[in-house]
Amino acid sequence: MNQPEQPVDRHGLRRQRFFGHGELRLVLLDILSRSDSHGYELIKEVECLTQGGYTPSPGVIYPTLDQLQAQGLVTVADAESGRRMIAITEAGRRALAAQQQPLGEIQRRLQARSLGHALRKDPQMKRALENFKAVLDLKINQQPIDDAQLKKIIAVIDSAAMEISQLP
């Protein structure tokens, strides 16, 4: 499966996408394989799977569902409540079964993010991150620094990042 592209957040910083091309379709089929659903419920289920890190908008969910319907992978019917009920078709179940490896990769990635989310809530990790941000803020934003100091700060951050990346 293609690597997710790197979108830019409102601050111009790169952030990792939750789903690459076609991956949301697989996730939706997987959710629908367990039970029929409404679009809003699918949005909430994806939000739950990503620990609140990604909430697909109706402008993403409904066109994706329309595409799945056009491919015969889901059916969409008006329910008594006036909401559209979405169900996976037999062709959708076969398509999902044929994509178990990519789906497993998506699920592993979501699990790893879930662990990372839990780690960031760990009191010691939270304290360490807050300490890092406070010291950096004091050093950079509340007093003038020269080029040599800035280079040293950047080197320390790069060194710490490299050490963390090399941990087993």
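Could you line up Asp147, Asp122 from fewest to most neighbouring Cβ atoms inside 10 Å?
On the way: Asp147 7, Asp122 11.
Starting with the residue having the fewest Cβ neighbours, the order is Asp147, Asp122.
Give me the percent of Cα-Cα pairs in segment 23-121 that sit more than 24 Å apart, rounded to a whole number.
Every Cα pair in segment 23-121 considered, those over 24 Å come to 22 percent.
How are the alpha carbon pair distances in segment 123-165 distributed across 5 Å bins from zero to the largest one, expressed in percent?
P(r) over segment 123-165, rounded to whole percents: 5, 21, 22, 28, 17, 7, 2.
If you take the alpha carbon radius of gyration of the chain and divide it by 2.2 N^0.38 Å, what ratio comes out, to two decimals? Before the final figure, lay out the partial values.
Numbers: Rg = 21.5 Å, N = 168, 2.2 N^0.38 = 15.4 Å.
Its radius of gyration relative to the 2.2 N^0.38 Å reference: 1.39.
What's the FRET efficiency of Asp158 with Ser33 using the Cβ-Cβ distance as r and R₀ = 41 Å, to the nearest 0.05? Please report the intermediate quantities before stating the final value.
Details: r = 45 Å, r/R0 = 1.09.
It comes out at approximately 0.40.
Taking 0.36 nm per residue of separation and subtracting the Cα-Cα distance, what length does fully extending Val60 through Asp146 add? Present the calculation step by step, with values, prior to reporting the outcome.
Values: separation 86, 0.36 × 86 = 30.96 nm, distance 4.63 nm.
Value of the extension gain: 26.3 nm.
If the reach is capped at under 23 angstrom between alpha carbons, list the lysines near Lys152, excluding any in the same chain fewer than eight residues apart.
Lys133, Lys139
Under 29 Å Cα to Cα from Lys44, which lysines show up? Leave out anything in the same chain fewer than 8 places away.
Lys121, Lys126
For Ile164, Ile86, what's the fewest-to-most ordering of other Cβ within 10 Å of each Cβ?
Fewest to most other Cβ atoms nearby, the residues stand as Ile164, Ile86.
FYI, it's all coordinate maths here, none of it is from the lab. This is a predicted model, so every value here is computed, not measured. Cβ sites come from the backbone with ideal geometry, for glycine too, and all protein chains shown count toward neighbours.
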